Structure formats: structure tokens, C-alpha cells
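Take a look at the structure below.
The values are calculated or read from the model by the stated rules, or taken from the named source; none is laboratory data. Note that the structure is predicted; figures quoted are calculated from it, not measured. So basically every Cβ, Gly included, is an ideal-geometry build from the backbone, and we count neighbours across all protein chains shown.
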Ligand code: PAF
């Protein structure tokens, strides 16, 4: 794996690859890598692409600065994982490299409705920062395909919208399945901050999502939602949302729909750790 810290060096290298007819798949990350990230590298490699991974802990997407300070950093272990996964290129820029004119000088994007609900409503400014950094990273790496994990379902929708706004030359977005621990907990960089007892109850989020799916033909969503909220609270979570939405548009639903897929989404905090997860429900 070749590692670049400077944009110019990365771009020179990418230019030679393109001249040799190679296509690239880009996997943006904030580090603290786990099997979910590696599954995206595998997916890009399986598609025959040269894999470009970035590790950049983007300050502009943290509405809560304490969350940024506590975000796990494990660059040496990340490099080892990427090397084992046979990732081709790692881009490891500094904040100055990404925002040379300061964080406010880089263009931002308006995601409209998508930024008003769920993560957007609970983390004001978060998607503005995500859009800002991903647009910047795409302008640097100009990949053919962009790989994202379904675990951040709303982020996937936001970034599909971003690529539409960027227009010609923007990469195709490929979404990889959520990778789960044996008890169902979605893999996340934040999981490593969980204490042992918190880790044990964390899988309740997935159990709630499964119950939302399994009760779609027998119960009203408002009843199932209340049961999930009660269970999560009883297990010590502070619930931010238990929601159901149209899987294509993310329009929130108050009841199960038929004829079009839905997505059930949960965000809840256990202690200081905020966890999110979702599953797609076929109608
Ligand atoms: O999902 C993440 O890790 C981040 O939001 C991303 C897409 C790398 C942008 O910083």
C-alpha cells in the first residue's frame, strides 16, 4: 500500500494510474477502522478497482466537540488492517491540507429535507460538514466509484444527493451492507468506547429493529415504536429516535406502508456513546 499525506503527490500517482487505464474506488473514513470498512475495501477490489482509502478525522462534521476529542484514533493499527486487506492507496492528510483557507472557506452544500430529519435534526450542522469534506475529498481523488456503508443510511442518501449536485464526473455511489457482531450490534468505530456492561446491552438496538420488521403485519407501528423506546430506556439508553421511513426518499412514516420498501432507524445513547443503526424492511 502506498501512503500519501500531500494532495499533490497523491494526484500525481493517480494520474499515472489513470494513464495506465486503471479505475478507482474511493472509501472515505475517519479511521478507527473495523470489519465494516474492510468490507468496503473488499467490495471495491472485487469490482476490479484500484482502492483509495482516506483517513481524515473531519472536525467540521462534529456538532459536539467533545465527541471529536474522544473519537478513537488508531492510525498504526488502521494501516496494518488496510495493508492486510491489500488496499492500494491510503490518503492521510492533515487538517491544513484539506482546509488550507480555514474550515469556513471550503464550499458547503444544502441537503434540504434530508438535513431536517433524524441525524440532521439531532446533530445540527453534521451533514453540512460531511458534505463539505466528501466534496473536497472527491475533488482531490476524482474516483470512479464511491463506497459507503449502509449503517449510515441517511449519510448515504445525503452523499448520493451530493454526487447529483456535483454533476458530471461525480462517482457512482455503491452501498455496502452493514457488518454486524455475532449478537447483531452494527460495527462502528464508537463501539470501542463502550464499557463491558454497555457492550452487552448495545445489541438491544438491533433486536428492536428486528422487532419493527417482524411485527409489520401484526401490529401498528406506533405501538411497536413505543415498545422499542420503553425497552431501550429500561436497558439504560437515552433514546433520540425510533423511526420508520420510506427507504427511497426517507420520508418519515407514521405507519407501515405496503408496496415500497421501508427503513427502520434508531439512534440512542448509552452513557456518552451515541449509537445508530438501521435495517431495510421489504413491504
Ligand atoms: O462515515 C464517515 O466515517 C464520515 O462521515 C465520512 C464519510 C468519512 C466523512 O468524514
request  = Go through (1) in contact with a strand residue (DSSP E or B) (Cβ under 7 Å, 6 or more places away or on another chain); (2) more than 22 Å from residue 152 (Cβ to Cβ) and name the single condition residue 244 misses.
outcome  = (2)
query = Exactly one of (1) in contact with a strand residue (DSSP E or B) (Cβ under 6 Å, 6 or more places away or on another chain); (2) surrounded by fewer than 21 Cβ atoms within 10 Å (Cβ to Cβ) is unmet by residue 54. Its number?
reply = (2)
ask   = Residues in region 132-166 that are without any contact (Cβ under 8 Å) to a residue 40 or more places away in the chain and farther than 24 Å from residue 12 by Cα: how many?
value = 5
inquiry  = Tell me whether region 125-140 contains one or more residues that are outside any helix (DSSP H, G or I), surrounded by fewer than 21 Cβ atoms within 10 Å (Cβ to Cβ) and either out of contact with any strand residue (DSSP E or B) (no Cβ under 8 Å at 6 or more places or on another chain) or at pLDDT below 95 (or both).
reply    = yes
inquiry  = Could you go through region 155-168 and let me know if any residue there is within 9 Å of the ligand (Cβ to nearest atom), touching a strand residue (DSSP E or B) at 6+ places or on another chain (Cβ under 8 Å) and either over 18 Å from residue 104 (Cα atoms) or assigned to a loop (DSSP other than H, G, I, E, B) (or both).
reply    = yes
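Taking region 179-190 as the region of interest, how many residues are within 15 Å of the ligand (Cβ to nearest atom) and either surrounded by fewer than 21 Cβ atoms within 10 Å (Cβ to Cβ) or over 14 Å from the mean Cα position of the chain (by Cα) (or both)?
Number of matching residues: 4.
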ask   = For residue 101, which of the numbered conditions (1) in a loop (DSSP other than H, G, I, E, B); (2) free of Cβ contacts under 8 Å to residues at least 12 places away in the same chain; (3) within 30 Å of residue 270 (Cα to Cα) fails to hold?
value = (3)
request  = From (1) assigned to a loop (DSSP other than H, G, I, E, B); (2) away from the ligand (no atom under 15 Å from the Cβ); (3) out of contact with any helix residue (DSSP H, G or I) (no Cβ under 9 Å at 6 or more places or on another chain); (4) modelled with pLDDT of 95 or more, pick out the condition that doesn't hold for residue 83.
outcome  = (1)
message = Test of understanding: among 215, 233, 226, which residue is over 21 Å from residue 156 (Cα atoms), at pLDDT 95 or above and touching a helix residue (DSSP H, G or I) at 6+ places or on another chain (Cβ under 6 Å)?
response = 215
key: Answer residue from region 142-153, given it is surrounded by 23 or more Cβ atoms within 10 Å (Cβ to Cβ) and away from the ligand (no atom under 11 Å from the Cβ) and is nearest to residue 93 (Cα to Cα) among those   = 143
task = Name every residue in region 15-31 that is at positive phi and either within 16 Å of the ligand (Cβ to nearest atom) or within 23 Å of the chain's Cα centre (by Cα) (or both), in order of residue number.
result = 31
Boolean, residue 175 is part of a strand (DSSP E or B), over 14 Å from residue 52 (Cα atoms), in contact with a strand residue (DSSP E or B) (Cβ under 9 Å, 6 or more places away or on another chain) and within 13 Å of the ligand (Cβ to nearest atom) = yes
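Residue-by-condition table, conditions (1) touching a helix residue (DSSP H, G or I) at 6+ places or on another chain (Cβ under 6 Å); (2) part of a helix (DSSP H, G or I); (3) within 14 Å of the ligand (Cβ to nearest atom); (4) on the phi < 0 side of the Ramachandran plot:
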| residue | (1), (2), (3), (4) |
| --- | --- |
| 13 | no, yes, no, yes |
| 33 | yes, no, yes, yes |
| 48 | no, no, no, no |
| 52 | yes, no, yes, yes |
| 66 | no, yes, no, yes |
| 69 | no, yes, no, yes |
| 109 | yes, no, yes, yes |
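Table: residues versus (1) farther than 21 Å from residue 271 by Cβ; (2) under 19 Å from the mean Cα position of the chain (by Cα).
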| position | (1), (2) |
| --- | --- |
| 55 | yes, yes |
| 63 | no, yes |
| 66 | no, no |
| 73 | no, yes |
| 95 | yes, no |
request  = Would you mind finding the one in 59, 93 that is closer than 16 Å to residue 1 by Cα and within 13 Å of the ligand (Cβ to nearest atom)?
outcome  = 93
